[in-house]
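Enquirer: Have a look at the structure that comes next, please.
What follows draws every value from the coordinates through simple rules; no lab data is involved. If you're wondering where the values come from, they're calculated on a predicted model, not measured in any experiment. Cβ placement follows ideal geometry from the backbone for every residue including glycine, while neighbour counts extend to all protein chains displayed.
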């Protein structure tokens, strides 16, 4: 162009307005799409939140139903125990023997405890050596573990002491050195427990076992190895 500066042709008014209109239309469409996207995302999150809330409430209702059912069974058991107590009067020894026989037969039928299966169930086992002597209400054995179960008809702080139960582990290992390297579990089985005692035992890592309705139930989730 013979080194002459090319002159830009100015836009006409109509062309400029068309350009502005097209830009505005494009931005309006983009804004509409963005708003739609966020509306959909918001709606999706709200649906998910409502679903989580529904599941949470359903779980709470299920837990409440289970708690009420368990309370009902506990009350039925306590009523049964009171009726039995009235019928046998003050026959404490007979009650203790009845409890031992009940839990012995129950463990024979269901040998699981602390997430293990036990092959041998012994009751009223007396063990002694030159220094020590002890009697165990129930003993459970398998190839790697042993469980010591204290049995009471009515477990209460007067006849169940956490420290004494735990101390029996050391005595057991001294009396039966072949089991000193075994996993040792502890449990208290009773037809009824004084309020608060079960929680104290669980906190110490000792399982509790009691009849609920017509079945024996083992509360051994928090049991620990001694």
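Enquirer: By how many nm would the segment from residue 102 to residue 52 lengthen if fully extended, with 0.36 nm per residue of separation less the alpha-carbon distance? Show your work: numbers first, answer last.
Expert: Details: separation 50, 0.36 × 50 = 18.00 nm, distance 4.47 nm.
Full extension of this stretch gives 13.5 nm more.
Enquirer: Work out, step by step, the length gained on full extension between residue 35 and residue 79: first 0.36 nm times the residue separation, then minus their alpha carbon distance; give nm to one decimal. Numbers along the way, then the final one.
Expert: Values: separation 44, 0.36 × 44 = 15.84 nm, distance 6.50 nm.
Extra length from residue 35 to residue 79 when fully extended: 9.3 nm.
Enquirer: While we're looking at this one, here's another question. Roughly how many nanometres apart are two label points built 7 Å out from the Cα toward the Cβ at residue 126 and residue 225?
Expert: Distance between the two pseudo-spin positions: 3.3 nm.
Enquirer: Return one number: the angle in degrees, 0 to 90 and rounded to the nearest 10, between the long axis of the Cα atoms of helix 162-175 and the longest principal axis of the Cα atoms of the chain.
Expert: Helix 162-175 sits at roughly 70 degrees to that axis.
Enquirer: Treat each spin label as a single point 7 Å out from the Cα along the C-beta direction, and report the residue 212 to residue 17 distance in nm.
Expert: In this crude spin-label approximation the distance works out to 8.3 nm.
Enquirer: Something else: What percentage of all Cα-Cα pairs in the range 70-205 are separated by more than 18 Å?
Expert: Details: 5442 of 9180 pairs.
The share of Cα pairs beyond 18 Å in the range 70-205 comes to 59 percent.
Enquirer: Residues of the range 202-226 with backbone nitrogen within less than 20 Å of a virtual label 7 Å along the Cα-to-Cβ line of residue 59, please, listed as ranges.
Expert: Counting only backbone N, you get 221-222.
Enquirer: Helix 92-109 versus the longest principal axis of the chain: what is the Cα-based angle in degrees, 0 to 90, to the nearest 10?
Expert: With both axes taken from Cα atoms, the answer is about 50 degrees.
Enquirer: Still on this model: I want to check the label-to-label distance for residue 116 and residue 200. Put each point 7 Å from Cα in the C-beta direction and report it in nm to one decimal.
Expert: 2.7
Enquirer: Taking the convex hull of the Cα atoms, report for the range 11-89 its projected area averaged over all directions, in nm². Provide the component values of the computation, followed by the final result.
Expert: On the way: hull surface 22.7 nm².
Reported value for the Cα convex hull: 5.7 nm².
Enquirer: Angle, helix 13-88 long axis vs. longest principal axis of the chain, Cα atoms, 0 to 90°, nearest 10?
Expert: 10
Enquirer: Show that you can apply the helix-only estimate: for the chain, add -39,500 (n - 2.57) for every DSSP H stretch of four or more residues, divide by all residues, and state [θ] at 222 nm to the nearest 500.
Expert: On the way: 4 runs with 115 residues, N = 226.
Mean residue ellipticity at 222 nm (helix-derived): -18500 deg cm²/dmol.
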